[in-house]
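Here is the structure we will look at.
The values are calculated or read from the model by the stated rules, or taken from the named source; none is laboratory data. Please read all numbers here as calculations on a predicted model, not as lab measurements. Using ideal geometry, Cβ is built from the backbone for each residue, glycine included, and neighbour counts are taken over all protein chains shown. Note: accessible area is taken over every heavy atom of the protein model, side chains too, but ligands, DNA and RNA are not part of it. Shrake-Rupley method; radii C 1.70, N 1.55, O 1.52, S 1.80 Å.
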Amino acid sequence: MSMRADHPILARRSRLEAEGYRGPWLALFDIDSTLMDTGERNIAILRAAREAMPALRAIWPRLDLEKPFWEITEPFRRAGVGDAELLAAVKAFWKERFFADEWLVHDRPYPGAAAFLLDLKDSGFELAYLTGRHSPGMEEGTRRSFLEHGLPAGTEEAFFFKPDFAMGDWEFKASVCERISALGCLVAAIDNEPANVNLFRRTFPRALVIWVDTVTSPWPETLEPGIERAGVEVFLDR
């Protein structure tokens with residue numbers, strides 16, 4: 001199934017063509033909380049923590065894990081848990097696991113994301129994934145997870161992983177924009193972090209830049225003018 005002719009991404013490509021730009025046509029996506037819902041990864045790690053840390057068992061029934069959260073101790077704080085030592089132990093336990101290949105099996109693509117990407121490919125787009133995940137620690141698990149869930153992750157797709165876990169996500173994304181430009185004409189860029197979409201808006205002013213309103217880090221930047229806002233239903237609107 002191809003995208004409808006008046007879809008905003010196709011419309012932006014038509015506009016660029018009319019202005020004299022030529023392909024390859026490129027669409028750029030973040031992964032965590034943009035294409036992939038990481039909520040189940042967090043919850044799986046918390047369940048493992050509950051088994052490893054007996055102090056969590058009495059607290060567990062008070063935790064609301066249905067409400068999305070960005071920082072792993074948020075459910076505890078919402079439940080009134082203020083034990084700094086315990087929260088630090090939970091965070092350390094989480095950090096050792098969240099950024100590891102074997103835990104990516106718990107991720108799930110947002111509804112419609114796989115079909116959306118395949119529709120873009122059918123419509124003549126090349127796909128690039130620009131992520132804060134690092135390689136080698138998360139590359140194998142990312143590619144495996146994509147293929148298992150039907151997201152394009154073959155030799156035609158470009159993945160950009162951080163070369164160093166300690167490198168900041170924004171810093172990394174800013175550093176590879178020139179490499180992204182070399183892949184083709186960027187038509188659309190989608191990310192869940194305002195700082196990142198602001199970067200794309202400034203770097204690729206002719207592209208359609210979309211902020212996906214899912215889970216965002218605390219104290220996000222204000223979105224710059226010209227950025228589209230959408231929920232994950234953007235993947236169903238084809």
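Here the extension length gained between residue 92 and residue 52 equals 13.1 nm, from 0.36 nm per residue of separation less the Cα-Cα distance.
Counting heavy atoms of the protein chains alone, residue 179 has an accessible area of about 130 Å² for a 1.4 Å probe. When the chain is treated as a GNM with alpha-carbon contacts under 10 Å, the residue of 130, 86, 199 showing the greatest mean-square fluctuation is 86. Taking a point 7 Å out from the Cα of residue 135 in the direction of its Cβ, the residues of the stretch 155-172 whose backbone N falls within less than 14 Å of it are 155-165. Computing Rg and the Kirkwood Rh from the Cα coordinates of the stretch 137-238 gives a ratio, Rg/Rh, of 0.95. When 214, 203, 222 are compared by accessible area at a 1.4 angstrom probe, the order from most to least is 222, 203, 214.
Only protein heavy atoms count here; on that basis, with a 1.4 Å probe, residue 165 has an accessible area of about 80 Å². Between the stretch 108-156 and the stretch 1-65, how far is it from one alpha carbon centroid to the other, in angstrom? One Cα centre to the other: 10 Å. A straight Cα-to-Cα reach below 26 Å connects residue 95 with the lysines 67, 162, 173, residues fewer than 8 places away in its own chain not being considered.
What aspartates and glutamates sit close enough to residue 91 to cross-link, taking a C-alpha to C-alpha distance under 12 Å and skipping anything fewer than 8 places away on the same chain? Cα-Cα hits under 12 Å: 71, 74. Based on DSSP H segments of at least four residues, each scored -39500 (n - 2.57), the chain has a per-residue ellipticity at 222 nm of -11500 deg cm²/dmol. Using a probe of 1.4 Å, the accessible surface attributed to residue 94 totals some 30 Å² when neighbouring protein chains are kept in position.
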